[in-house]
Structure formats: C-alpha cells, structure tokens
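These notes concern the structure reproduced below.
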Amino acid sequence: MNKIGSQVTIAMDGPAGSGKSTVARRIAEKLGLLYLDSGAMYRAITLLAIHRGLAADSPELINQVKTCHIEFTDNGKKILLNDKDVTVEIRTPPVNRLVADVAKIPEIRSQIVKHQQRIGAEGSIVAEGRDLTTIVFPDADFKFYLDASVRERAKRRLAELRKQNVDTTLESVEAEIQERDEKDITRAHSPLRTAEDAIIVDTTNKTIDEVVDFIIAQVGKQEIGL
Ligand code: C5P
C-alpha cells in the first residue's frame, strides 16, 4: 500500500530540463509509488532505430515497436530494451537529436501510450513526459506542468552531460533544447501543452526539494493522512 492509500495517479508534463524526471522520481520514492519515465520509452525506440539503421518514419520501425520489449526495473531507474540495459545509452547526444522525430510518429505513439496505460492500470503511479496529463492519463488525480526558462534548463542539461564527460557548450545545449521544444510543441499528434486542470510550477529559481515539497503539499491537501 502506498502512503496515500487508494490507487492514485500523479501526472506531470513539461519541456526538457524542467526538472520533472528528478522531481517525479523523488515523489515516487517519498510516497511509495511507481515511477514512469515516459520519455525513456521514446528514447529506447530511438536507440532501436539508430542501432538498426532505420528512419524515424519507416514502416520497419513501426513494426519493430510492435514486437520489441521495453521494461523498467529498479522502480523506473533502469530501462531494458529487448532485455539489454540501455539506461545510459538513451541519454546520449545522438538519441537527443533524433528522439523528437521518432516521438512525432502517430503509430509509434499509440503503441507506447497503450503500454504506459497498462503500467498505470497496475497501481499507483507518478508519470512524467509531454502528454501524460492530456492524452495518457486525462483523468489523473493530480496534474502538474513544470516549466523553467530555456537558459536555466540548458544549464541543468549541461551539468548532467558534463557528469557523463560529454564535451559540449551551453550554447549548443540551449540550441538543441530549443529545437526539441519547437518540435514537441508544434507536432500534429499529442503536442506538449498545459492541461487546463494542471497546476503550473515554474522551477527556474526553485531547488528540487522546494518543488517536491510543493507538489507533495498539493497532493496532501486533498488526501487524508499526509
Ligand atoms: O523527457 P525526455 O526529455 O527524456 O523526452 C525525450 C523526448 O521524447 C521528448 O523531447 C519528446 O520528443 C518525447 N516524448 C514525448 N512524449 C512523452 C515523453 C517524451 O513525445 N510523453
């Protein structure tokens, strides 16, 4: 049993670097909920396309998505693609550059969304991505939209990349983020947008702990026992 009580779905959306992965993971740990990193699934499919030399919009890739096996272990910390741990490889620059092109293909999205909804049906969950509050879990109990300035988001991504010894500049990370934002916001299917009933959280000048505490307080306001 999680710390909230009955089955609950907390959904979060926002652009790259808004802090939602770190925040969602911490909330899942604190409340004893399952963590679902939906972006990791699109990243895994992108890696599959790169490994097999398939174009993002090729029918072969759509077929591969139908038969491939994506699994999370360690409460969402690790992702396995066809039983291989791809947790680190899905965060590399080649995947960053291609993922938005893969994620805009409707047939790929529909497969991934079904998979996410199956995971959500199994129990209480904190799920984050671009369309979790709008398409995947439109009836989520709690919805949040996390945002931050492009510069701040680029700084956060740069720090992550430096930890992985990736040699890059703030300008190039910022350009990559802006390009991905543009693709995610303007695509025809399930674009990134703020759900009408989502609480907007600007994380620009907030620490991770402040955002986590704010969200848990919002959840607690409506739940007895927190
Ligand atoms: O969240 P993350 O930055 O890892 O997501 C990588 C990419 O996957 C996004 O830029 C977006 O193109 C795609 N994505 C999506 N829908 C989601 C989650 C991620 O289209 N729910």
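The values are calculated or read from the model by the stated rules, or taken from the named source; none is laboratory data. In this text the structure is predicted, and so the values were computed from the model without any measurement. Reconstructed Cβ throughout: ideal geometry from the backbone, glycine too, with neighbour counts over all protein chains shown. These area figures cover heavy atoms from the full protein model, side chains too; ligands, DNA and RNA do not enter into them. Shrake-Rupley method; radii C 1.70, N 1.55, O 1.52, S 1.80 Å.
Per residue, the accessible area of region 9-213 comes to 46 Å², computed with a 1.4 Å probe over protein heavy atoms only. Placing unit charges on the Cβ atoms of the charged side chains and taking the dipole of the chain about its Cα centre, the candidate lying farthest along the positive direction among SER58, VAL166, ALA217 is VAL166.
Between the listed residues PHE144, LEU34, THR133, the Cα displaced farthest toward the positive end of the dipole of the chain, a dipole computed from Cβ unit charges relative to the Cα centre, is found at LEU34. The lysine pair tally for region 134-226, using Cα distances under 28 Å and a gap of 8 or more places or different chains, is 11. A Förster distance of 41 Å, applied to the separation of the beta-carbon atoms of LYS84 and LYS221, puts the FRET efficiency at 0.45.
The modelled label-to-label distance between ASP139 and LYS30, using points 7 Å beyond Cα along the C-beta direction, is 2.8 nm. With 0.36 nm allotted per residue and the present C-alpha distance subtracted, the ARG97-ASN205 stretch has 36.2 nm of extension available.
Of the solvent-accessible surface of the chain, computed with a 1.4 Å probe and all protein chains present, 50% belongs to carbon and sulfur.
Stokes-Einstein diffusion for region 63-192, with the hydrodynamic radius set to the Kirkwood value over Cα pairs and evaluated at 4 °C in a medium of 1.567 mPa s, equals 79 µm²/s. Under 25 °C and 0.890 mPa s, how fast does the chain diffuse according to Stokes-Einstein, given a Kirkwood radius computed over C-alpha pairs? Answer in µm²/s, whole number. Rounded to a whole number, D works out at 138 µm²/s.
Over all directions, the projected convex hull of the C-alpha atoms in region 1-110 averages 7.4 nm² in area. Rounded to the nearest 20 debye, the dipole size of the chain about its Cα centre is 300 debye, using +1 on the Cβ of Lys and Arg and -1 on the Cβ of Asp and Glu. Highest mean packing comes first when the peptides 35-46, 139-150, 116-127 are listed by Cβ atoms within 10 Å, giving 35-46, 139-150, 116-127. Using C-alpha pairs under 8 Å with a sequence gap of at least 6, the mean separation divided by the residue count of region 9-213 gives a relative contact order of 35 percent. Secondary structure note: in the chain, about 25% of the DSSP beta bridges are antiparallel.
Only lysine pairs 8 or more places apart or on separate chains count here, and in region 1-131 those with Cα atoms under 16 Å apart total 6. Taken along the Cα-to-beta-carbon direction at a fixed 7 Å, the label points for GLU171 and SER58 span 3.5 nm.
Here the spin labels are modelled as points 7 Å beyond Cα on the Cα-Cβ line, and at GLN7 and LYS114 they lie 1.9 nm apart.
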